[in-house]
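Here's the structure, in structure tokens; my notes come after.
The values are calculated or read from the model by the stated rules, or taken from the named source; none is laboratory data. Here the structure is a predicted model, which means the values were calculated and not measured. Because the Cβ atoms are built from the backbone with ideal geometry, glycine has one as well, and the counts that use them run over all protein chains shown. These accessible areas exclude ligands, DNA and RNA; they are computed on the full protein's heavy atoms, side chains included. Shrake-Rupley method; radii C 1.70, N 1.55, O 1.52, S 1.80 Å.
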Amino acid sequence: MSKGAWGRAVSFQVVVADPADSAAALARARLDDVPALTERLMAAIFTDNPEWTDYSPVQKEDLWEGCRQYLERILQILSGAVAGPDGDDVAAAIGRRRAEQGVPLEVMLRTFRLGGRIAWEALVDQAHQDGADPDSVLGVATSIWTVIDGLSSTLSTSYRNTELERLRRDDQRRHALVEDLLSGRARDIAFAQRTAKELDLPTGGLYLVIVADTTSDGGFALRGQQDALSALHFRSVWQVRADSLVGLVALEQRNKNVALDALRPLARGRVAVSPSVRGLAEVGLAHQLALTTMGTSSYGAAELVTLEERFPEALLVQSPDLAQRMLESQLGPVLELPVKEREMLLDTLTAWLEENCSTANAAVRLHCHRNTVLNRLHRITSLIGQPLYGRTAYVSLSLALSALRLRDGLRD
């Protein structure tokens, strides 16, 4: 054979198929087999560990249809029939629906991987039937797993967005339920039972309502309160409001002092506690009493106070005009004195009343002679024009001093 003839005999052109074209051809050939592939995926889902197959909230027909749509979408994207896979509407819809049904995301991603494997095996079988070059089949692998990764990413994004939206809805509903409790709606038995179930609280039993003020740094006067109570097995629900943090604490069979002892060290500002009330039906009343108790605490104070500790002051807070009139009636002339003398006489009166009207004990407390205490008390008597002794005088003067403390504390 001549050299030229040999050259012509061995001269040929190597044509390498585009992997995308190969994948498209194979995918089109398998589109009609989607129902059979779906049955294979359904069988594969439930053959491994149960923790990876938690589809209990999903009806079998619903799961089957989701698997069918997913496998069909893989083949449609590979065949070029639809664009994708990023932002694919089928994968997004599956992610959204399964999130609403409560299927774990890990279970969904595993199902997508299984579906990808089944689709890949189907394409390999088709390639063998067509007598395709093995090298071109390897190129198809890159195409299909790119599609699977993109669909999985779209699924995850849709799933997480749906979860966030559901959490926002849950928070909004929870907020609305607590607000209804604070407004007294739980007097409706049906509402109380429904709300108790949703908030995981008992319908009956004793409750405390706690109100924590805002602080100068923009936070609230209680922090870490829920963890502290949970450690002692108290169930509680906390609500952030515009100007306060409100908590509902279910005492059930426990002593309220145990809860209060856990909360007192956490007070960073004004914290007020209602008396115990019975059931959710009285939570609205308890909230009002807690707010009244808060009014007995001076601005800037860091303390937890209960209504039982502040009954006289609470009465004054409830009737501020009456409290002011009583203050003027009982101590008006003393309050008009120069500051130094006024404070000396008020300190003496306070010490004397707190020492059960003992001039001797008041003198020790004030670091002065007993006669000095007597002289100051006589001066007060002369100024106000009424005796300091007797039950009515003790009560009136004590309330007047409390009213003065409240007024000055609230002004600070």
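Quick notes on this one:
- Applying 1/(1 + (r/R0)^6) with R0 = 45 Å to the Cβ-Cβ distance of Cys368 and Arg278 gives a FRET efficiency near 0.35.
- A simple spin-label model places pseudo-atoms 7 Å from Cα toward Cβ; at Glu163 and Asp33 they are separated by 3.5 nm.
- Computed lengthening from Ser230 to Asn361, 0.36 nm per intervening residue step minus Cα-Cα distance: 42.6 nm
- C-alpha long axis of helix 89-101 to longest principal axis of the chain, angle in °: 40 degrees
- Taken over the alpha carbons of the chain as equal point scatterers, the Debye sum produces base-10 log I(q)/I(0) values at 0.10 Å⁻¹ of -0.85.
- Ignoring aspartates and glutamates fewer than eight residues from Lys340 along the same chain, the ones with Cα atoms less than 17 angstrom from its Cα are Asp408.
- Length gained on full extension, Trp145 to Asp54: 30.3 nm, using 0.36 nm per residue less the C-alpha separation.
- Ligands, DNA and RNA left out, the accessible area of the chain computed with a 1.4 Å probe is 52% carbon and sulfur.
- Using only alpha carbons, the range 293-412 has a radius of gyration to Kirkwood radius ratio (Rg to Rh) of 0.97.
- Per residue, the average separation of C-alpha pairs within less than 8 Å and at least 6 apart gives the range 324-412 a relative contact order of 35 percent.
- Helical mean residue ellipticity (222 nm; -39500 (n - 2.57) per DSSP H run of 4+; nearest 500) of the chain: -21000 deg cm²/dmol
- Heavy-atom accessible area ranking, 1.4 Å probe, most first, across Trp352, Trp238: Trp238, Trp352
- If both residues of a DSSP beta bridge must be in the chain, then about 85% of such bridges are antiparallel.
- In terms of the mean number of neighbouring beta-carbon atoms within 10 Å, the peptides 224-232, 92-100 order highest first as 92-100, 224-232.
- For Leu260 and Ser153, the FRET efficiency from 1/(1 + (r/R0)^6), where r spans their Cβ atoms and R0 equals 45 Å, is about 0.30.
- Each Cα pair under 8 Å and six or more residues apart adds its sequence gap; the mean of these over the residue count of the chain is a relative contact order of 12 percent.
- Spin-label model, Asp321 to Asp21: label points 7 Å out along the Cα-to-beta-carbon direction sit 9.4 nm apart.
- Rg(Cα) / (2.2 N^0.38 Å) computed for the range 216-309, rounded to two decimals: 1.01
- Annotation for Gln288 and Tyr389: the two label points, set 7 Å from Cα along the Cα-Cβ direction, are 4.3 nm apart.
- Coarse-grained scattering of the range 83-214 at q = 0.13, 0.15, 0.18, 0.21 Å⁻¹, given as base-10 log I(q)/I(0) from a Debye sum over alpha-carbon atoms: -0.72, -0.83, -0.98, -1.13
- Using the 1.4 Å probe convention, the accessible area of the chain works out to 53 Å² per residue with neighbouring protein chains retained.
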